[in-house]
Every structure is written in structure tokens, then in C-alpha cells.
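Encoded as C-alpha cells, the structure appears first; notes follow it.
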Amino acid sequence: MMMRYIAMIWLMTLSLMAQEITIAVAANVSYAIDDLKTAFMAEHPETKVRVIIGGSGKLTAQIRRGAPFGLFMSANMRYPEALYEAKVATTPPRVYAEGALALFSVRARDFSSGMQLLSAPQIRTIAVANPKTAPYGKAALEAMQKAHLYELVKPKLVYGESIAQTVAYAVTAAEVGIIAKSSLYSEKMRHYEEGRNWVSVDPSLYQPIEQGIVLLRDAQGKPGYQEFYDFILSEKAKKIFRKYGYILP
């Protein structure tokens, strides 16, 4: 009887403590976010995490318009820095991971020439993220420019609004895609083989993709946001990011 009473009190306490947090997450993190949520909720079962995924530029625009997000995980530092300067973010941006690019093809290809493969006549369409709104698209554009390929392959480019949409294009419609390396460690993509279906893009061809996290005004008075923020910067989260091909600061 006493144990039942204690269990009832515990459930009532947990119910009173229960909270939901809504976080904005860059599309490249969508592949790792389920593992991150699971690990976080194992430590904080009273907190439900609602995730809104999109391109960093579009999410930033939504945040500026008052979208009810309390935390933003961007694909670069520029967007969270702008939100902090505008006093929309309440914490200065911190790097939580560094992303990487991969050259990907559903069909097995000879990747020995690296980025020069893009200029091959049999490559008619190349999926990349929109460089205006997606940091991975900006990095892909920079890589093509540094490899002296951009003007040559520009007519072949097919743009996705986010890196997730770009991955979808690369899988279903384009011969090749320049995508987030993290996507290749997801359940749907991990059967593709390095060296046969994909290779890492030479990191010297683009600036490091430092990904930034900030708390937003909506987080005030809601401890779950601070707990999730601290978790993302923890060693446990870093282990998960490494599993998905990220470089850790």
C-alpha cells in the first residue's frame, strides 16, 4: 500500500514538473537529432522536446518574426550571431560542432579525381543546397569556386532549400550531390559506401562549417531549454555528433 502511495506521489510530481520545449534545428542536424533527444530525455524524462527542422536562414527569419522557439541550433555562426546582436538571442553563440561536406552519388563512381568529377560529361545534374539560405550550400559553392569549377558546372546545379532537401534530390534525381557528411551516417543512408558512393570534400576548399547554438527569448523562465542547451555542449552529446561524422571543437 505504501509503495503504491509513493508511486502515485512520484507520478503526480513528475506530471507537475512536465514541460515541453520547442527548438529550431538546422536540417543537417536532423540525422542526429533523434539520438540526441533520446539521450537527453533519458536524463530529463519530464521534458518533451519538440523539434522544428529547416534551413538556417529560413529558421532565422521565422525567429525574427516571433516564432515560439526557445533554442536555435544553426548550421553556422552567422545567423545566431545576428540574432544575438538584435537581442533576439539571450546568449552569445557557441560552437557545438563543425560540419563537413561529402560528394555523393547513388551509383558507384570513380571518385579518385575528387571535385573534378563534377565536370565530367556524364554528370548532368548536381544537387547543392541554396547558398543564400543554407550554410552547407554556401560551403559547397566555395568549394566549387576554389576548385575552379563553378562557372563550368553552374548550368548543372539543382538547388535544395535545405541540406535535407538537397540529400533527397541527390538520392532521387541528380547524378551527384554535395551534401552534409552527417547525412551519410543516418539509417537510410549508411548502406552507401565510402569510396564507392561518396568521399569527403577536401576541407581546404571551404571555410570550416562552425555550427552555433543560442538560447532565445522564449526560453526565459523555462528551465528545460537551459538543460537542453547544456546537454548539447556536453561530452555525451559530442560522442553522438562524432558518430554522425561531425568534427568537435
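The values are calculated or read from the model by the stated rules, or taken from the named source; none is laboratory data. Because the structure is predicted, anything quoted here is derived from the model rather than measured. Counting neighbours? That spans all protein chains shown, and the Cβs are built from the backbone with ideal geometry, glycine included.
Residues in the range 45-59 that are in a strand (DSSP E or B) and among the aliphatic types (A, V, I, L, M): VAL49, VAL51, ILE52, ILE53. Going through the range 103-126 one residue at a time, which ones are of a type outside the set (Gly, Ala, Ser), assigned to a helix (DSSP H, G or I) and farther than 28 Å from MET77 by Cα? Correct list: GLN116, LEU117, LEU118.
Taking the listed residues ALA42, ALA27, ALA18, ALA61, the one that is at pLDDT 95 or above and surrounded by 11 or more Cβ atoms within 10 Å (Cβ to Cβ) is ALA61, with no other qualifying. Taking GLU194, is it closer than 15 Å to PRO131 by Cβ, assigned by TED's automatic domain parsing to the domain that holds PHE111 and out of contact with any strand residue (DSSP E or B) (no Cβ under 6 Å at 6 or more places or on another chain)? So GLU194 does not fit the description; no. Across the range 127-151, the qualifying residues are those that are outside any helix (DSSP H, G or I) and among the aliphatic types (A, V, I, L, M), and the one among them that is modelled with the lowest pLDDT is ALA134.
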